[in-house]
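To start, the structure itself, in structure tokens.
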Amino acid sequence: MTKATDMTTLTPDVLTELTGQAIELPSWAFGNSGTRFKVFGTPGTPRDPYEKIADAAQVHEYTALAPTVALHIPWDLVNSFDDLRRHAEGLGVKLGTINSNTFQDDDYKFGALTHEDPAIRQKAIDHHFECIDVMNATGSRDLKIWLAEGSNYPGQADLRGRQDRLQESLQTIYARLGDDQRLVLEYKFFEPAFYHTDVPDWGTSYAQVSALGERAKVCLDTGHHAPGTNIEFIVMQLLRLGKLGSFDFNSRFYADDDLIVGAADPFQLFRILFEVVRGGGLNNPDVAFMLDQCHNVEDKIPGQIRSVLNVQEMTARALLVDRDALTAAQKSGDVLAANAVFMDAFYTDVRPALAEWRESRGLAADPMAAYAASGYQQQIAADRVGGVQAGWGA
Ligand code: PSV
Ligand code: MN
């Protein structure tokens, strides 16, 4: 039976956890995106990083959940990152993770950090040095690396040699980081390469970052697993090993769909967040929570508002799991009771309680409705005329 809640359901302990929650937004979510078939433009889409950050600040204003924005280099290159930082801070947000990009340059056709040619490897390493320079100006802690490297045909590439070169390149990049900075290495099981991928799974990322040192961690993108993968098990294991550096949240039905987190499978998001809570990953500065999404057909700002609210709702449900009752049922081998405790929390509708709680903090009870009523969307559509709308590559 679905339980509706009032605010008393959210105990002071739960509220303390929820108050501390922060979810980083990707700058690229605010630009145009699409498929290889068509990219639809939308009125009001940002033309530069300043406008992307202004839009991201709207998400934070209505939710108090998104205080930082991740940048992508070179898409978000500006003349002065000090200036961009001031712009962000003036709007009440900060600049966050810096994402490198070694997948849009002709030189990287056969790899970047793994390339056979030392000159191309050095070019890719230099790009990461540039990203670290940006981090120093923006005050960012994390350098996130996702590699599009791999091969399409058996025999095309020396799998072992590429793994060795990857480690060597990563060591050079890692050595350039400041003492307070970290490297997070993202994995993805396929695409754009289809036969082999150089960092296809958490085990490979874990092996690569473990050889680097303490400040190198794994980034888990929820969309980067084969169908049916038990992602929460990976979350548990990485937390257990102290190597879960960050999440890229999104949803998938088939591939790397980058849909709104929690949209395709809310129960999976709940299960993941339960393991986060269980493993001490919530509000733990070692674990960064980010979105990595694109909004191809829906409006981008409300798409991001919906996304952070989905994470908040599933976090609240995960916090409602009666852990004592669960442990007792698990220990006594009561399979059905354990499952019932778990499902009871999942089926609890926390939305009324969260709305009440938001109001008690001076926020709108319904951030989606408040944003829609604000007129911001109409304003940017009217103001942002001329220029080139941002997308992958700008
Ligand atoms: C490509 O799959 C990707 O979505 C990765 O997940 C990165 O995090 C993101 O692009 C930005 O480079
Ligand atoms: Mn990602």
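Taking R0 as 30 Å, what's the FRET efficiency between residue 175 and residue 152 from their Cβ-Cβ distance, rounded to 0.05? Working from the Cβ atoms, E equals 0.40. The GluC sites (Glu not before Pro) found in the stretch 134-239 that occupy coil by DSSP, while having at most 11 further C-beta atoms within 10 Å, are 214. Under the combined filter of DSSP loop state and at most 14 neighbouring Cβ atoms within 10 Å, the stretch 242-340 retains these chymotrypsin sites (Phe, Trp or Tyr not before Pro): 253, 254.
Label sites at residue 356 and residue 35, each approximated as a point 7 angstrom past Cα along Cα to Cβ, lie 4.4 nm apart. Convex hull volume per residue, computed on the Cα atoms of the stretch 76-193, equals 113 Å³. Taken over the stretch 188-327, the alpha-carbon convex hull comes to 117 cubic angstrom per residue. The C-alpha atoms of the stretch 140-233 occupy a region whose extents along the principal axes are 40, 32, 19 Å, arranged from largest to smallest. Amide H to amide H, with H built 1.01 Å from N, residue 32 comes under 5 Å of 390, 391, counting only residues 5 or more places away or on other chains.
Multiplying the residue separation of residue 214 and residue 80 by 0.36 nm and subtracting their alpha-carbon distance yields 45.1 nm. Applying a DSSP loop filter and a limit of 16 other Cβ atoms within 10 Å to the chymotrypsin sites (Phe, Trp or Tyr not before Pro) in the stretch 1-82 leaves 37, 40. When the charge dipole of the stretch 293-394 is built from unit charges on Cβ atoms (+1 for Lys and Arg, -1 for Asp and Glu) and taken about the Cα centre, the candidate among 371, 348, 332 whose Cα reaches farthest toward its positive end is 371. Based on the alpha-carbon gyration tensor of the chain and its eigenvalue square roots a ≥ b ≥ c, which shape applies: rounded if a/c is under 1.5, prolate if not and a/b is larger than b/c, or oblate? Oblate.
Cross-link partners of residue 94 among lysines, defined as those whose alpha carbon lies under 27 angstrom from its own and excluding same-chain residues fewer than eight positions apart: 52, 144, 217, 243, 300.
Readers should treat all values here as calculations from the given coordinates under stated rules, not as data from a laboratory. Quick caveat: nothing in here was measured; it's all calculated off a predicted structure. Cβ coordinates were reconstructed from backbone atoms using ideal geometry, including for glycine residues, and neighbour counts include every protein chain displayed.
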